[in-house]
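Down below is the structure, laid out as structure tokens.
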Amino acid sequence: MPVRLNLAALTSEELQLLFGEDGAQLRLPDVSRARLENRPVPGPDLSATFEALSLDERPWGATPEQSRALATLDAGLRAAGATPLGVFYLPLVSEVRHARAYLVDPDTAVSLRWSETPESPRTAEAYPELLTWLRDRASGFACVLSTAASRSVAPSPSEEVDLHLHPGLDPAALISAHRQHVLRHGRAQKLAPEDGWRRAWQALHALNLNAWTRRGLLLEEPD
């Protein structure tokens, strides 16, 4: 069943991370009234599947500046050993829903994230994220997520996600930092070359959906 985010259940910080300071201020009066009246405020819709957009090397980017940033980050990831796997559209809460997929080593799924329809400078940035799943959860975490985005993830991810923020870090340095984070937990799960990237990110999405359901952040909608 389709679901939407309930803005009334988010924290003020999460609202600001999702919509920016101005966007959060515009929504705050309605959100505040809804909280007092114990009613939801429907927000962005969420999907459960990832859509493959392209396997070719066509240029991407909403602006020349963004295209140059994507090309620079792509070159940095390839130089650091990342294997490109195509471009996907991600069913995430963030407006930054485009992702070029890569695998690094046999265990790390990389997403070079950007938006083809940025609504503000806040959503026009391009940045890589690295995801590795752990073989066991003795540390209390299921996976490690490292991002070079300039802002944190919103809504807050599952408590089983070991999230590390490295704003603006270049691809090689981000990969190195991510490996160190993973080593602290033990061994990582290997990913299948064919569909390992998609499975890794869909598993993270499912983990977060479960956590957001427990928090009361999601609203079910009729099909």
Q) Regarding LEU28, is this residue at pLDDT below 95 and either part of a helix (DSSP H, G or I) or in contact with a Phe, Trp or Tyr (Cβ under 7 Å, 6 or more places away or on another chain) (or both)? A) yes
Q: Working only within region 119-133, note down all residues that are open to solvent by less than 10 Å² (accessible area, probe 1.4 Å) and out of contact with any strand residue (DSSP E or B) (no Cβ under 6 Å at 6 or more places or on another chain).
A: THR123
Q) If you take the residues of region 185-201 that are at pLDDT below 95 and open to solvent by 60 Å² or more (accessible area, probe 1.4 Å), which of them is farthest from the chain's Cα centre (by Cα)? A) ARG187
Q: Taking the options LEU15, LEU103, name whichever one is over 27 Å from ALA188 (Cα atoms), hydrophobic (A, V, I, L, M, F, W, C) and not in a loop (DSSP other than H, G, I, E, B).
A: LEU15
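For (1) at pLDDT 95 or above; (2) of a type in the set (Val, Ile, Thr), each residue gets a yes or a no:
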| site | (1), (2) |
| --- | --- |
| THR123 | no, yes |
| ASP170 | yes, no |
| ARG179 | yes, no |
| ASN210 | no, no |
Q: Among what's in region 125-142 and is at pLDDT 90 or above and of a type in the set (D, E, K, R), pick the residue that is nearest to the chain's Cα centre (by Cα).
A: GLU129
Q | region 103-118, subset open to solvent by less than 10 Å² (accessible area, probe 1.4 Å) and touching a Gly at 6+ places or on another chain (Cβ under 9 Å), residue modelled with the lowest pLDDT | A | TRP114
Q.
So TRP201 ticks every box in (1) farther than 19 Å from THR108 by Cα; (2) in contact (Cβ under 8 Å) with a residue 24 or more places away in the chain; (3) in a helix (DSSP H, G or I) but one. Which box is left unticked?
A. (1)
Q) Can you name the number of the only condition in (1) within 20 Å of ALA69 (Cβ to Cβ); (2) free of Cβ contacts under 8 Å to residues at least 60 places away in the same chain; (3) surrounded by 17 or more Cβ atoms within 10 Å (Cβ to Cβ) that PHE141 fails? A) (1)
Q. If you take the residues in region 152-184 that are in contact with a Gly (Cβ under 7 Å, 6 or more places away or on another chain) and not charged (D, E, K, R), which one is surrounded by the fewest Cβ atoms within 10 Å (Cβ to Cβ)?
A. ALA172
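The values are calculated or read from the model by the stated rules, or taken from the named source; none is laboratory data. No experiment lies behind these values; they were computed from the predicted model shown. Using ideal geometry, Cβ is built from the backbone for each residue, glycine included, and neighbour counts are taken over all protein chains shown. Ligands, DNA and RNA are excluded from the accessible area calculation, which covers all protein heavy atoms including side chains. Shrake-Rupley method; radii C 1.70, N 1.55, O 1.52, S 1.80 Å.
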